[in-house]
Amino acid sequence: MKVRVLGSSAGGGLPQWNCSCAGCTAARAGEVEPRTQSSIAVVDESAAGPRAFLVNASPDVRQQLTASPALHPGSTRRSPIEAVLLTDAEIDHTLGLLILREGAGVTVHATAASEAVLREGTGFLTTLEAYCPVTVVPVGLGVEAALTDDLTYTAFDLPTGKTPRFPVRGERSDGGSAGGPEEGRVVGYRFHDRRTGGVVVYAPGVADLAPLRAACDGADLLLVDGTCFHDDELVRLGLGRKTAADMGHVALERSLDALADLGVPRVVLVHVNNSNPILLPGAAEGLVVGKAGVEIGTDGTEFSA
Ligand SMILES: [Zn+2]
């Protein structure tokens with residue numbers, strides 16, 4: 001399989017429209033590469049033509065696809081993109097679904113929890129259905145599902161413990177379950193290419209590393225949550241009141257050693273927030289990441305597995 005990082009930034013992108021933090025300012029000045037919002041494409045290239053699957057559809061999806069020749073339509077109105085798999089129902093991971101409305105239809109792989117938010121919370125699926133047919137494929141946890149003859153995925157739960165923004169039916173606003181879909185609000189995906197034996201794990205939202213360990217067993221590549229370096233980074237920079245943990249992300253200052261110890265040959269940070277000092281040239285935090293043997297993903301980076 002081929003994996004392409006379409007967008008390596010967390011929500012807001014780099015630069016973010018309303019921000020002049022050091023990272024956003026450096027991006028506007030051309031000192032660091034701009035970044036679009038988080039998404040990858042997983043491509044099975046064994047068939048006659050490429051068969052592509054997006055994991056998350058960011059608000060920048062149009063720009064990301066334009067920048068990815070392998071994902072251009074082979075003929076008029078025929079895109080190699082067959083479906084979108086969702087890790088959660090966050091706006092920066094799902095707003096792009098609406099931008100795909102010109103297609104003959106959109107197939108979305110989503111857990112029951114994400115589908116519920118997209119219907120009863122943001123309403124994105126309901127809106128999309130007014131434009132084109134939408135097929136929702138239920139994502140089960142721990143069940144290997146085939147995308148093509150060679151390419152499969154297994155979704156695994158990554159509980160955040162955070163209060164849901166959109167409490168859906170049967171779910172209390174404090175995040176407790178009253179019979180509603182509690183599991184599967186945030187998941188990661190383990191992709192397996194049966195032809196090559198390659199295994200790639202994608203987990204852009206990780207609150208706790210424990211559930212990630214088993215999913216990474218035997219993996220060749222891990223693309224993982226690099227949202228914040230310091231847990232209190234947004235507070236420190238005066239950008240917000242929430243810590244990384246409040247937002248459902250374990251900060252690199254806490255996760256880096258464990259990520260380096262997972263036994264995965266390549267660990268690449270994605271979903272990097274514009275506040276993260278690792279984006280700044282020469283920052284001490286970036287050197288710490290490099291020393292740990294962990295890479296910082298950029299838009300357009302491609303991997304084969
Ligand atoms: Zn910023």
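Compute the signed sum of charges (Lys and Arg +1, Asp and Glu -1) over the other residues within less than 14 Å, Cβ to Cβ, of Leu239. Could you put the intermediate results ahead of the total?
Numbers: positive: Arg236, Arg241, Lys242; negative: Asp231, Asp232, Glu233, Asp246.
Residues near Leu239 contribute -1 overall.
Test of understanding: what is the full-extension gain from Ala145 to Glu82, defined as 0.36 nm times their sequence separation minus their Cα-Cα distance?
Roughly 21.2 nm would be gained on extension.
Within a 10 angstrom radius of the beta carbon, how do Thr227, Thr154 rank from fewest other beta carbons to most?
Thr154, Thr227
What is the calculated FRET efficiency for Ala104 to Asp208, with r their C-beta to C-beta distance and R₀ = 51 Å, to the nearest 0.05?
0.80
Residue by residue, what Karplus-based ³J(HN,Hα) values in Hz, rounded to whole numbers, does the stretch 35-48 have, using 6.51, -1.76 and 1.60 with θ = phi - 60° and x for Gly and Pro?
For the stretch 35-48, the Karplus curve yields 9, 9, 7, 3, 5, 10, 10, 10, 10, 8, 9, 7, 7, 4 Hz.
Where in the stretch 79-109 does the label zone of Ser46 land, with the point 7 angstrom along Cα→C-beta and an amide N cut-off under 18 Å?
Counting only backbone N, you get 82.
Hey, how many Å between the Cα centroid of the stretch 1-80 and the Cα centroid of the stretch 190-242?
Using only Cα atoms to place each centre, the spacing works out to 18 Å.
Return the calculated 222 nm mean residue ellipticity for the chain, to the nearest 500 deg cm²/dmol, obtained by summing -39500 (n - 2.57) across DSSP H runs with n ≥ 4 and dividing by the residue count.
-4500 deg cm²/dmol
Rounded if a/c is under 1.5, else prolate if a/b is larger than b/c, else oblate: which is the stretch 64-203, with a ≥ b ≥ c the root eigenvalues of its Cα gyration tensor?
oblate
Within the chain, which cysteines find no other Cys whose Cβ is under 4.7 angstrom from their own?
Those would be Cys21, Cys132, Cys216, Cys228, since no other cysteine Cβ in the chain comes under 4.7 Å of theirs.
Provide Ile40, Ile81 in ascending order of the number of other Cβ atoms located within 10 Å of each residue's Cβ, fewest first.
Result, fewest neighbours first: Ile81, Ile40.
Sorted from largest down, give the three principal axis spans of the alpha carbons of the stretch 27-124, whole angstrom values.
That gives 42, 36, 23 Å along the principal axes, largest extent first.
Using the per-residue mean of other Cβ atoms lying within 10 Å as a proxy for protection, in what order, highest first, do the peptides 109-121, 282-294 fall?
109-121, 282-294
Rounded, prolate or oblate, given the Cα gyration tensor of the chain, with a/c below 1.5 counting as rounded?
rounded
Can you give the charge dipole size of the stretch 159-305 about its Cα centre, rounded to the nearest 20 debye, using +1 on the beta carbon of Lys and Arg and -1 on the beta carbon of Asp and Glu?
It comes to approximately 320 debye.
Within a Cβ distance under 13 Å of Glu102, other residues only, what is the Lys/Arg minus Asp/Glu net charge?
So the surrounding residues net to +4.
Suppose every K and R has +1 on its Cβ and every D and E has -1 on its Cβ; what is the size of the dipole of the chain about the Cα centre, in Debye to the nearest 20?
Details: 25 positive and 37 negative charges, 118 e Å.
Here the chain has a charge dipole of around 560 debye.
Read-outs: derived from the displayed coordinates by stated rules, not from any lab. Since we're looking at a predicted model, the values are computed, not measured. Glycine gets a Cβ as well: all are built from the backbone with ideal geometry, and neighbour counts include every protein chain shown.
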